[in-house]
Amino acid sequence: MRKLKDIGIQLIIPIIIVLAWHFTTTYTDTPSSILPSISKVKKAFGGMVQTGQLQEDLRVSFTRVTKGYAYSILFGGILGILMGMFPVVKKLFGLITTVIRQIPMIAWIPLVILWCGIGEESKIVIIVIAAFFPIMINTLNGVESTPTGYIEVARLYKLGKIKTFAKVYLPHALPQMLVGLKLGLGVSWMAVVASELIAATAGIGYRMSDARSLMRSDIVIVCMLVIGLVGIIMDKGLSLLFKALTPWERRSGGKANG
């Protein structure tokens, strides 16, 4: 019963927005190029699905996200682990990563386009830049949260670095690492849309940009709604996966999903 009540509360604002949208497009002279009616948006969505345009755009964007996200996990995860386990590595990379992290992802797009052109490489590089830091920082924080006493015991038993990481660091760091992976996937999705808006010939972001140039606000809104829905699905999917991977966090009252 409480869950139904919570869902009802969460739906209040969306319902108000939809009603205001319907009222504005029905009872005012707002041009459809500025704010299309709900029925027009539904028609645009149906047309995009029927022609396969929406599915193809999502496929292209998902492919880019998958590649960029994988590289981010590889580079960000490894560097975060090394910085957490070895103080000298943290000193070596600490300053430069802090400086680069302050630069907004979107500010990298012009430079990356100059370096890589408008092909697939530029989209993937932008995704890597965006997702690298959440993954690296949360991995670092997770590794550093490992109790010193456990590390001393590992040294006492002369465990190698790999065994020490697997048996000591990883169990403590995993929840925080998973938070980084969740944040990284979210910014990967935002990064691919941003990069496609500026320089692309396919993808959900490109479709929005193309629709804007044609004054098709109905298609723009369809793309915005799809982007938001996909983001929610990815977020909830990862949350369920993380709960399955860290059952001890639920028992102890912790949260692996941030």
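The values are calculated or read from the model by the stated rules, or taken from the named source; none is laboratory data. Bear in mind that the values here come from a model prediction, so they are computed numbers and not experimental data. Reconstructed Cβ throughout: ideal geometry from the backbone, glycine too, with neighbour counts over all protein chains shown.
Annotations for the structure displayed:
- Any chance S33 is of a type in the set (S, T, N, Q) and closer than 26 Å to L181 by Cβ: no
- Selection from the range 108-132 of residues that are buried (at least 24 other Cβ atoms within 10 Å of the Cβ) and over 12 Å from the mean Cα position of the chain (by Cα): K123, I124, I126
- The range 131-163: number of residues that are free of Cβ contacts under 8 Å to residues at least 24 places away in the same chain, in contact with a helix residue (DSSP H, G or I) (Cβ under 7 Å, 6 or more places away or on another chain) and within 19 Å of V89 (Cβ to Cβ): 2
- Hey, A244 surrounded by fewer than 20 Cβ atoms within 10 Å (Cβ to Cβ), outside any helix (DSSP H, G or I) and modelled with pLDDT under 90 or not: no
- Meets criteria (of a type in the set (K, R), exposed (fewer than 15 other Cβ atoms within 10 Å of the Cβ) and either within 19 Å of W189 (Cβ to Cβ) or in contact with a Phe, Trp or Tyr (Cβ under 6 Å, 6 or more places away or on another chain) (or both)) for R64: no
- Pairs with Cβ under 8 Å, 6+ apart, first in the range 1-19 and within 25 Å of P36 (Cα to Cα), second part of a helix (DSSP H, G or I) and of a type in the set (A, V, I, L, M, F, W, C): V18/I38
- Qualifying residue in the range 98-109 (condition: touching a residue at least 60 places away in the same chain (Cβ under 8 Å) and among the hydroxyl-bearing types (S, T, Y)): no
- Some residue of the range 209-230 being surrounded by fewer than 18 Cβ atoms within 10 Å (Cβ to Cβ), in contact (Cβ under 8 Å) with a residue 40 or more places away in the chain and touching a Leu at 6+ places or on another chain (Cβ under 9 Å): yes
- For F75, the test of being modelled with pLDDT of 90 or more, closer than 24 Å to L238 by Cβ, buried (at least 22 other Cβ atoms within 10 Å of the Cβ) and not basic (K, R) is failed.
Residue by residue, here is whether (1) at pLDDT below 95; (2) assigned to a loop (DSSP other than H, G, I, E, B); (3) among the hydroxyl-bearing types (S, T, Y); (4) over 30 Å from I38 (Cα atoms) holds:
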position	(1), (2), (3), (4)
I118	yes, yes, no, yes
E152	yes, no, no, yes
L159	yes, yes, no, yes
D210	yes, no, no, no
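- Here A166 does not fit the description of being touching a helix residue (DSSP H, G or I) at 6+ places or on another chain (Cβ under 8 Å) and among the aliphatic types (A, V, I, L, M).
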